[in-house]
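Working notes, structure below.
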Amino acid sequence: QVQLVESGGGLVQGGDSLRLSCVASGVPFRDYAMGWFRQAPGKEREFVAVITWIGGREYYADSVRGRFTISRDNAKSTMYLQMNSLKPEDTAVYYCAARRTISTTASVYEYWGQGTQVTVSS
């Protein structure tokens, strides 16, 4: 059974940093593209960042490029999202997701974690 478990969310002030983690089990981690998405109250789930299984390609949403960094450690079956210079508009539930091929579209992802809340105060 595939499981994705996020952690690392919390309440921070604007300008602070957080690092999210996503641990995968039940799936050959190195064979999957992994992505981060987020959903704010009343809004649709949106793409944040994605990384290919060999870590060779990374893609970011325009709203986070230059502030967020996605990475993965295949040996630990863990993906990370380093978030710097956080803004109140980054407040959302952050989800990790996995699928065989890379995509920035949430609806095509096969596996999802339960989400972790990130709240940024002004």
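The values are calculated or read from the model by the stated rules, or taken from the named source; none is laboratory data. This one's a predicted model, so the numbers in the text were calculated from it and none came from an experiment. Cβ atoms come from the backbone with ideal geometry, glycine included; neighbour counts cover every protein chain shown. Only protein heavy atoms, including side chains, enter the accessible area calculation; ligands, DNA and RNA are left aside. Shrake-Rupley method; radii C 1.70, N 1.55, O 1.52, S 1.80 Å.
Compute the FRET efficiency between VAL2 and SER103 as 1/(1 + (r/R0)^6), taking r as their Cβ-Cβ distance and R0 = 22 Å, and round to the nearest 0.05.
Numbers: r = 17 Å, r/R0 = 0.78.
Using R0 = 22 Å, I get an efficiency of 0.80.
Going by amide H atoms built from the backbone, whose H comes under 5 Å of the H on GLY115, apart from near neighbours? Placed amide hydrogens put GLU6, CYS96 under 5 Å from GLY115.
Hey, what did the chain get for relative contact order, percent, Cα under 8 Å, at least 6 apart?
Result for the chain is 36 percent.
Packing order of peptides 38-45, 19-26, highest average first: 19-26, 38-45 (average count of other Cβ atoms within 10 Å over each peptide's residues). Taking every protein chain into account, the accessible area of segment 48-122 amounts to 48 square angstrom per residue (probe 1.4 Å). Among the protein heavy atoms, those of LYS87 account for about 80 Å² of accessible surface (1.4 Å probe, every chain in place). Each label point was placed 7 Å from the Cα along the Cα-to-Cβ direction; for SER85 and LYS43 their separation is 1.8 nm.
Scalar couplings 3J(HN,Hα) for segment 100-116, obtained by applying the Karplus form with A = 6.51, B = -1.76, C = 1.60 to θ = phi - 60°, are 5, 10, 5, 7, 9, 9, 4, 5, 8, 6, 7, 10, 9, x, 8, x, 9 Hz; x denotes Gly and Pro. Expressed as a whole percent, the accessible surface of the chain that belongs to carbon and sulfur atoms is 46, based on a 1.4 Å probe.
Out of all DSSP beta bridges in the chain, what portion is antiparallel? Express it as a percent rounded to 5.
Values: 37 of 42 bridges.
The antiparallel fraction comes to roughly 90 percent.
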